[in-house]
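Some notes on the structure that comes next.
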Amino acid sequence: MTQPSDIEQVHAATRDIAAQLSRVIVGQQTVVEELLTCVLAGGHCLLVGVPGLAKTLMVRSLADCLGLSFNRVQFTPDLMPADVTGTEVIQEDRSTGQRELRFIPGPVFANVILADEINRTPPKTQAALLEAMQEHQVTVGGVRHPLPEPFFVLATQNPIEQEGTYPLPEAQLDRFMFEVRIDYPDEDEEFQIVRQTTSTPTAKILPLLTHARLQQMQATVRDIPVADSVIRFALLLSRLSRSNNPQAPDFVKQYITWGAGPRASQHLILAAKARAALHGRMHVDIHDVITVAKPVMRHRIVTNFHAEADHQTPDTIVEKLIEHARRLANQPSAAERATKVLADS
């Protein structure tokens, strides 16, 4: 069972990691917190932002802080699945003259994988990551090869360039726990970035954790208890996004083609647990679920042309869903109403 000392250790470790990252990453505190939340929950993360916002530097620095192995894969239109997962080659034993197939691991065999510009490669190569992300293994030639633990895929995507890109299929998007949006820095932050990156670099990232320590922290997060009412709220939030749900509000039926699936409900609770631990708390409340709702749900909601015409983005729809779920959660249930009627009579 999770003890207060375990949560305090997680809180202290993540605070030290954030301080280390701030030595090379200017600003972006919300992005760093969402990244750490995703790592503590054991999920994968999709970083969406225009070029030059330090997405690659952030992922590499995070891997260095965690003391994990790191590989970067630059996704290009000519990248093949074997370039990611690895391939079998024929090797000859010089002493016997016999030949045998030998598996050469690809770059996916590392703790942290940066899938840079993941939408710039065809779906065939994108799908090479599906088994790795879900099962933490790679199957080549009928043989399963386990990946090192812990294992994270942190992918980047450019939202403004559509020519020569291949949108990620919904099945793969659903494997990402978070879609994190990175925006432009403000004027003071950009001044600091320019001053810091145009002089001799002095800051170095020090490894603060080990593989075993990080896995222990992830186990601590999973052991945090959650009240049934919080789980019900997360469930309600996901189910309200589905247009075939009788409780779905009118704006869902008007703007959403496909809503969030059950994996969204799971990730809402896992991310809420991780956020609570990140802030040194042993309990999860509805505010934690609300805070992680946008990064968990924005890439799982498929809007239609009505939403585009009315300038309704997935983020604005999630905001409306939160308000609607709050109203429904505050209403008494049928059993409570029946109990009150009996008590009054």
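The values are calculated or read from the model by the stated rules, or taken from the named source; none is laboratory data. Because the structure is predicted, anything quoted here is derived from the model rather than measured. Here the Cβ is made from the backbone with ideal geometry for all residues, glycine too, and neighbour counts use every protein chain on show.
Looking at this structure, is Ala212 aliphatic (A, V, I, L, M), part of a loop (DSSP other than H, G, I, E, B) and outside the structural domain of Glu319 (by TED's automatic domain parsing)? When the stated conditions are applied, Ala212 does not pass them.
For Pro207, only one of the following conditions fails: (1) part of a helix (DSSP H, G or I); (2) under 21 Å from Pro150 (Cα atoms). What is its number? For Pro207, the failing item is (1). Residue pairs whose Cβ atoms lie under 6 Å apart, sitting 6 or more positions apart in sequence or on different chains, and linking a residue in the range 280-298 that is on the phi > 0 side of the Ramachandran plot and among the hydroxyl-bearing types (Ser, Thr, Tyr) to a partner that is buried (at least 18 other Cβ atoms within 10 Å of the Cβ) and modelled with pLDDT of 90 or more, do not occur here.
Among Val48, Val59, which is the only one that is in contact (Cβ under 8 Å) with a residue 60 or more places away in the chain, buried (at least 23 other Cβ atoms within 10 Å of the Cβ) and β-branched (Val, Ile, Thr)? Of Val48, Val59, the one residue that is in contact (Cβ under 8 Å) with a residue 60 or more places away in the chain, buried (at least 23 other Cβ atoms within 10 Å of the Cβ) and β-branched (Val, Ile, Thr) is Val59.
Of all residues in the range 63-85 being closer than 23 Å to Ala19 by Cβ and outside any loop (DSSP other than H, G, I, E, B), which is nearest to the chain's Cα centre (by Cα)? If we take residues in the range 63-85 being closer than 23 Å to Ala19 by Cβ and outside any loop (DSSP other than H, G, I, E, B), then Ala63 is nearest to the chain's Cα centre (by Cα).
Does Ile231 satisfy the condition of being in contact with a helix residue (DSSP H, G or I) (Cβ under 8 Å, 6 or more places away or on another chain) and not assigned by TED's automatic domain parsing to the domain that holds Ala63? Considered against the rule, which asks whether it is in contact with a helix residue (DSSP H, G or I) (Cβ under 8 Å, 6 or more places away or on another chain) and not assigned by TED's automatic domain parsing to the domain that holds Ala63, Ile231 comes out as yes. The set of residues in the range 1-27 that are within 21 Å of Pro207 (Cβ to Cβ), free of Cβ contacts under 8 Å to residues at least 40 places away in the same chain and assigned to a helix (DSSP H, G or I) comprises Ala12, Arg15, Ala18, Ala19.
Counting the residues of the range 273-296 that are over 14 Å from His11 (Cα atoms) and outside any loop (DSSP other than H, G, I, E, B) gives 11.
Apart from one condition, Thr30 fits all of (1) in a helix (DSSP H, G or I); (2) touching a strand residue (DSSP E or B) at 6+ places or on another chain (Cβ under 7 Å); the exception is (2). Checked against (1) within 30 Å of His11 (Cα to Cα); (2) surrounded by 19 or more Cβ atoms within 10 Å (Cβ to Cβ); (3) of a type outside the set (Asp, Glu); (4) free of Cβ contacts under 8 Å to residues at least 24 places away in the same chain, Leu270 passes all but condition (4). Taking the range 122-162 as the range and being of a type in the set (Val, Ile, Thr) and over 27 Å from Ile90 (Cβ atoms) as the test, the residues that pass are Val153, Thr156, Ile160.
With respect to the conditions (1) out of contact with any Leu (no Cβ under 8 Å at 6 or more places or on another chain); (2) surrounded by fewer than 17 Cβ atoms within 10 Å (Cβ to Cβ), Ala128 lacks only one, and its number is (2).
Each row is one residue, and each column tells you yes or no for (1) part of a helix (DSSP H, G or I); (2) among the charged types (D, E, K, R); (3) over 19 Å from Gln74 (Cα atoms).
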{"site": "Gln126", "(1), (2), (3)": "yes, no, no"}
{"site": "Thr139", "(1), (2), (3)": "no, no, yes"}
{"site": "Ile160", "(1), (2), (3)": "no, no, no"}
{"site": "Gln172", "(1), (2), (3)": "yes, no, no"}
{"site": "Asp183", "(1), (2), (3)": "no, yes, yes"}
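The set of residues from the range 170-186 being surrounded by 17 or more Cβ atoms within 10 Å (Cβ to Cβ), of a type in the set (Phe, Trp, Tyr) and over 17 Å from Glu131 (Cβ atoms) comprises just one member, Phe178. Does Leu154 count as assigned by TED's automatic domain parsing to the domain that holds Leu40, in a strand (DSSP E or B) and closer than 25 Å to Ile17 by Cα? Taking the combined requirement at face value, the residue satisfies it.
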